[in-house]
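Just so you know, all these numbers are worked out from the coordinates, no wet-lab data involved. As the structure is a computational prediction, the values presented were derived from the model and not from experiment. Reconstructed Cβ throughout: ideal geometry from the backbone, glycine too, with neighbour counts over all protein chains shown.
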Amino acid sequence: MADASPRVSVVIDNHNYGRFLAAAIDSALSQDVPHGEAEVVVVDDGSTDGSRDVIRSYGDRVRPVLLDPRRGQAEAFNAGIAAARGEIVCLLDSDDVWLHGKLAKVVALFDDPVVGVVQHWLDDVSGDLKSLGAFHPAWPRSYSLDDFLEARAHFTATSGLSFRRKALLEALPIPKELFYYLDDFLTVKTLFKWKAANIPEVLGLHRVHGGNWCASGLTDPAKIELDFRMRELFGASLKGWLAGAGRSLSPGYKAREELELLRRRVLHAGLRARPVEAWRLWLEGFAAARRSSFGRFRLGSLLLAVLSPTLYLSAYAFYSDTAGLKGLRLRLFPETNA
């Protein structure tokens, strides 16, 4: 007789993070859920370090999905979700860890049949799990599609996301070319039919270290160029979803996205030692951006990037690490008025 399907599947994606992988698996296996109600699926995407030795050391406590050769993170997620048997699927990057009690709190919110995704806060930490400080948005109890379209929704990262499996299957497959924004892809697609429930509590730790792409994303022009391509891919999917649902993005959402693109374009030009281009981009963005308080804030800060990208990035790093400053900025220059 076949084993009964667990209620919860934890899907861990991994590529060459053998040094972190055991901590991620242990944090999933130690959760306070009844025996047999959760499974841990570990997808190894063509690792060449000792990752597979780590996976084998857990025996039948985990279910391995081994991909050879490497297929990329999108395909790893597609394979892991397809292998998951639980009605709830919780995602965990292999360089992150969960805190005890996470699964019990997340699973309880799926008792509401309109909830398709549950998210919680993550704290940024270093490679050795030392706190880097983090700003957490003021979340309502839930988000709907309207919140996203009106630029009111703030999403967590991958390891803070759990989905109703039915919702995930409706969202798949993730385009294999997509590298950034995999978490947003799944969350936003889910909102077209379901609600997102929010847990305003830190239930996981998100490592920021030299080996992951989220580290120093604004300081490396190559990463900014990749971000441009990923935004185009995500935008193409979003356009199709909106057309199919007869919906559209609000002017505020479009304005906020334009401001973010302006920042990245100015920084990219500056980091590539093209000050004349950086100044031209700033001037082109001036007319539209100055119409809102947040736009004026962004224009003012970007003047520093035009003059010195290094100085701007130093100031931005200080701002990002100081939760009080970011909270003050949101009160004085709210993005929803962009």
**OP:** State the dimensionless ratio Rg/Rh of segment 30-81 (Rg: radius of gyration of Cα atoms; Rh: Kirkwood radius).
**Re:** 1.02
Original post:
What does a probe at Ala108 reach in segment 120-161, counting residues whose amide N is under 17 Å from the point 7 Å along Cα→Cβ?
Top reply: 120-121, 141-142
Original post:
Whose amide H sits under 5 Å from the amide H of Val40, counting only residues 5 or more places off or on another chain, with H placed in the peptide plane?
Top reply: Val10, Arg63
Subject >> segment 8-207: antiparallel DSSP beta bridges as a percent of all, rounded to 5 >> reply: 30 percent
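Calculate the dipole size of the chain relative to its Cα centre from +1 charges on Lys and Arg beta carbons and -1 charges on Asp and Glu beta carbons; express the result in debye to the nearest 20. Present the calculation step by step, with values, prior to reporting the outcome.
On the way: 42 positive and 41 negative charges, 260 e Å.
I would put it at about 1240 debye.
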Original post:
What length, rounded to one decimal in nm, is gained on full extension from Lys166 through to Glu87, with 0.36 nm per residue of separation minus their alpha-carbon distance?
Top reply: 27.7 nm
Original post:
What percent do you get for the relative contact order of the chain when only Cα pairs under 8 Å and 6+ apart count?
Top reply: 17 percent
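What are the semi-axes of the equivalent ellipsoid of segment 166-302, taken as the square roots of 5 times the eigenvalues of the Cα gyration tensor, listed largest first and rounded to whole Å? Before the final figure, lay out each step's value.
Working: eigenvalues 167, 83, 50 Å².
Computed over segment 166-302, the values are 29, 20, 16 Å.
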Original post:
Can you tell which of Phe135, Ala255, Phe185 lies farthest toward the positive end of the dipole of the chain, using +1 and -1 charges on the Cβ of basic and acidic side chains (Lys, Arg; Asp, Glu)?
Top reply: Ala255
**OP:** Would you grab the residues whose amide H sits under 5 Å from the one on His206? Only those 5+ places off in sequence or on another chain, please, with H modelled 1.01 Å from N.
**Re:** Asp123, Asp124, Val125
**OP:** Calculate, in nm to one decimal, what His35 and Lys130 gain on full extension: separation in residues at 0.36 nm each, minus their alpha carbon distance.
**Re:** 31.1 nm
**OP:** Would you mind classifying segment 81-196 by shape? Square roots of the alpha carbon gyration tensor eigenvalues, ordered a ≥ b ≥ c; an a/c under 1.5 is rounded, otherwise it is prolate if a/b is larger than b/c and oblate if not.
**Re:** rounded
Original post:
For the chain, which DSSP H helices look membrane-span-like by this rule: Cα extent along the axis of 18 Å or more and mean Kyte-Doolittle of at least -1.0?
Top reply: 221-245, 251-271, 275-289, 293-307
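Report the gain in length on full extension from Asp60 to Arg296: 0.36 nm times residue separation, minus Cα-Cα distance, nm rounded to one decimal. Walk me through the numbers before you get to the answer.
On the way: separation 236, 0.36 × 236 = 84.96 nm, distance 5.66 nm.
79.3 nm is the gain from fully extending Asp60 to Arg296.
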Subject >> For the chain: Kirkwood Rh in Å [reciprocal of mean 1/r, alpha carbons] >> reply: 21.1 Å
Subject >> Projected label distance in nm at Lys193 and Asp49, using a 7 Å step from Cα toward the beta-carbon >> reply: 3.7 nm
Subject >> Rg(Cα) / (2.2 N^0.38 Å) computed for segment 8-207, rounded to two decimals >> reply: 0.96
